[in-house]
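The values are calculated or read from the model by the stated rules, or taken from the named source; none is laboratory data. All of these numbers come straight from a predicted model, not from anything done at the bench. Counting neighbours? That spans all protein chains shown, and the Cβs are built from the backbone with ideal geometry, glycine included. Remember, those area values only see protein heavy atoms, side chains included, never the ligands or the DNA or RNA. Shrake-Rupley method; radii C 1.70, N 1.55, O 1.52, S 1.80 Å.
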Amino acid sequence: MKEKIIAYISTHQLLNTHQPVVVALSGGADSVALLHLLNQLGYPLVAAHCNFHLRAEESDRDEAFVRHLCQSLKVPLKVQHFQTSAHAQENNISIEMAARELRYEWFEQLRTSLNAQCIATAHHQNDQTETLLLNLIRGTGLKGLAAMHPRNGHVVRPLLAVSREEILNYLKKVGQDYVTDSSNLETEFKRNKIRLQLIPLLQEINPSVVQTLSDTCNIIRQSLPYYYKGISGAMAEAGATPECFPLKTLLGNPNTPTLLHEWLRDKGFNSMQINQMAQCLESEPGKMWESHSHRVLKDREAFLLEGKHPESTPVELIFEMVNTITDTSPRYAYFDADLIQAENIHVRHAKAADRF
């Protein structure tokens, strides 16, 4: 397994030995194997552990374990505590999304403050297979079929070359223990259902399905640059811009759904919405589709795309000398400038939960 990882890191130029690597360390088998391997290979490491306080005593057990592990491996450790449930409620998002947002924001802060080269996560071939199947179930394009890449910005995934089984065998061979997250065994989460129920069924048909689907993701990922080159040419030929797609170039075109899908890629629109757009090219103008971040309007001659903006209520900035204000209206708030430590003051529209 070590030889596979060395070759994978080299092929994709994931790591160097000159700058620190922030290793996301949960205490589970995958992240423990990643830390152990990279430490064996001589990379300068800083482990980063998130305590999300979601599993009572288990969360504290995990933190105690990683502290002991890093001490034994002589790897510096950073630990951050999060009130994940509160963050999820305040932002109206799922617990899983809240934990993801919190950890990656902190990892990036760590990377910057440590001048680290990257953040290494322990995603492996089984995770790759789960991601592919999850994307297929939700509906996806070619990019979604490529699933996870070896590198995504400052995040690298050195273990995508190996399976979960190989990881467990490695840990057994080197005599390294780990902790188990009990929530991974709960089937109410979609990814867990895929891991615990769907993949075992697929393995009855093809025992090597994890390797097979992981290889498929690699083939698709390697094909993406050629695909996007072709899409870029087709978009230019159709006269499409980021804000406008002429209808006349879509009429009678059998590739309309694909072109619209790529035009709206990463804008949050689903397959049903895109199919509706493709089917209403000759209908009356005025129809509109919305995602969480954008909207598409069918005009007379084109689809028009725009980002959603805050409500148009004007922001009122009032600059007055404090000693000239006698108004005690709740429209005014007074702050001691000497006590404000922020380098910049940001002005935004009010949100429903805001309070003084």
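Odds and ends about this structure:
- Residue with peak Gaussian network fluctuation, the chain [Cα springs, cutoff 10 Å], from 57, 290, 101: 57
- Two-site FRET efficiency, residue 211 against residue 270, from Cβ-Cβ distance with R₀ of 35 Å, rounded to 0.05: 0.70
- Cα gyration tensor shape of segment 4-82, rounded if a/c is under 1.5, else prolate or oblate by comparing a/b with b/c: prolate
- Once both labels are positioned 7 Å from their Cα atoms along Cα-to-Cβ, the gap between residue 61 and residue 334 label points is 5.5 nm.
- Segment 229-285: GluC sites (Glu not before Pro) in DSSP loop, at most 14 other beta carbons within 10 Å: 243, 282
- Each principal axis of the Cα cloud of segment 79-215 was taken in turn, and the coordinate range along them, longest first, works out to 46, 38, 32 Å.
- Between 95, 119, 205, the Gaussian network model of the chain with springs among Cα atoms under 10 angstrom shows the greatest mean-square fluctuation at 205.
- Cα Rg over Rh - segment 192-299, Kirkwood: 1.11
- Taking each residue as 0.36 nm, the span from residue 297 to residue 53 lengthens on full extension beyond its C-alpha to C-alpha distance by 83.5 nm.
- Three-way shape label, segment 141-201, alpha-carbon gyration tensor, a/c 1.5: oblate
- Charged neighbours of residue 138, selected by a Cβ distance under 15 Å, balance to +2 (K, R count +1; D, E count -1).
- Taking a Cβ cut-off of under 9 Å around residue 247, the surrounding Lys, Arg, Asp and Glu residues balance to a net charge of 0, with basic ones at +1 and acidic ones at -1.
- Bridging of residue 172 to lysines at a Cα separation below 18 Å is possible for 2, 4, once same-chain residues fewer than 8 apart are set aside.
- Cβ-Cβ FRET estimate between residue 3 and residue 196, R0 fixed at 35 Å, reported to 0.05: 0.70
- Simple Cβ-charge dipole of the chain, Lys/Arg +1 and Asp/Glu -1, about Cα centre, in debye nearest 20: 1060
- Spacing of the modelled spin labels on residue 93 and residue 173, each 7 Å from Cα toward Cβ, amounts to 3.8 nm.
- Ligands, DNA and RNA left out, the 1.4 Å accessible surface of the chain is 52% carbon and sulfur atoms.
- Segment 39-97 shape via C-alpha gyration tensor axes, a/c threshold 1.5: prolate
- Ranked order, 36, 81 - accessible area, probe 1.4 Å, largest first: 81, 36
- Rg over Rh [alpha-carbon atoms, Kirkwood Rh] for segment 6-148: 0.98
- Qualifying chymotrypsin sites (Phe, Trp or Tyr not before Pro) in segment 98-196, DSSP loop, other Cβ atoms within 10 Å at most 11: none
- For segment 103-120 versus segment 124-195, the inter-centroid distance based on Cα atoms is 21 Å.
- Under the span-like rule (Cα at least 18 Å along the axis, Kyte-Doolittle mean at least -1.0), DSSP H helices of the chain: 57-73, 95-114, 125-138, 209-238
- Max-minus-min Cα coordinates of the chain on each principal axis give 69, 65, 41 Å, with the largest extent listed first.
- Dividing the summed -39500 (n - 2.57) terms of all DSSP H runs of n ≥ 4 by the residue count of the chain sets its mean residue ellipticity at 222 nm at -13500 deg cm²/dmol.
- Over the chain, relative contact order from alpha-carbon pairs under 8 Å, at least 6 apart, %: 14
- Once the 1.4 Å probe is applied to the protein heavy atoms, the chain comes out at 61 Å² accessible per residue.
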